[in-house]
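The values are calculated or read from the model by the stated rules, or taken from the named source; none is laboratory data. Since the model is a prediction, treat every value here as computed from it, not as a measurement. As a convention, Cβ positions derive from the backbone with ideal geometry for all residues, glycine included, and neighbour counts pool all protein chains shown. Surface accessibility is based on the protein's heavy atoms, side chains included, excluding ligands, DNA and RNA. Shrake-Rupley method; radii C 1.70, N 1.55, O 1.52, S 1.80 Å.
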Amino acid sequence: MKDRSNLAAELNLLLADFQMYYQNLRGFHWNIQGKNFFELHVKFEELYNDATIKVDEVAERVLTIGATPVHSFLEYVALANIKAVTNVHDDETAVKTIVANTKSIIERERTIQQLADDLGDTGSGDMISAFIEEQEKTLWMFNAWLK
């Protein structure tokens, strides 16, 4: 079996990004105000619930390929491309942040997808491909909302 240590490292970076993305979404959900409160409060909850599932899937994939998933907030903060956002109350800032965070996650996922393809790791590749497909649709919807 080919060495998957680079793939595991990239999956751990993705795990850190998802944890930061999740926490940002929780903050948006709790703190959103204004005319779009009801619409976005529900949407942000949907997104953070989905992120929770993806966190678990990524961590279990890391374990499946023989590595240890990162599992502390110190590691998440140190490793993630996505940075913590605090005290966001307005809809446009929250949505623009989600768009930027989602784009960042997709970039990392494309790197992982290529590594998985190079290793012949269809399990990791299929998981990431499904994530990308769903997230591209989310981007399209949020970009439409921003217009």
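List of remarks:
- Considered as a group, the residues in the stretch 54-112 that are among the basic types (Lys, Arg) and closer than 26 Å to Met141 by Cβ include one that is least open to solvent (accessible area, probe 1.4 Å), and that residue is Lys54.
- Of the criteria (1) in a helix (DSSP H, G or I); (2) modelled with pLDDT under 95, which one Trp30 fails: (2)
- Check on Asp3, over 18 Å from Thr138 (Cβ atoms), of a type in the set (Asp, Glu), out of contact with any Lys or Arg (no Cβ under 7 Å at 6 or more places or on another chain) and assigned to a helix (DSSP H, G or I): no
- Residues satisfying the stated conditions in the stretch 113-147, i.e. surrounded by 17 or more Cβ atoms within 10 Å (Cβ to Cβ) and acidic (Asp, Glu): Asp121
- Residues that are among the acidic types (Asp, Glu) and open to solvent by less than 50 Å² (accessible area, probe 1.4 Å), drawn from the stretch 22-53: Asp50
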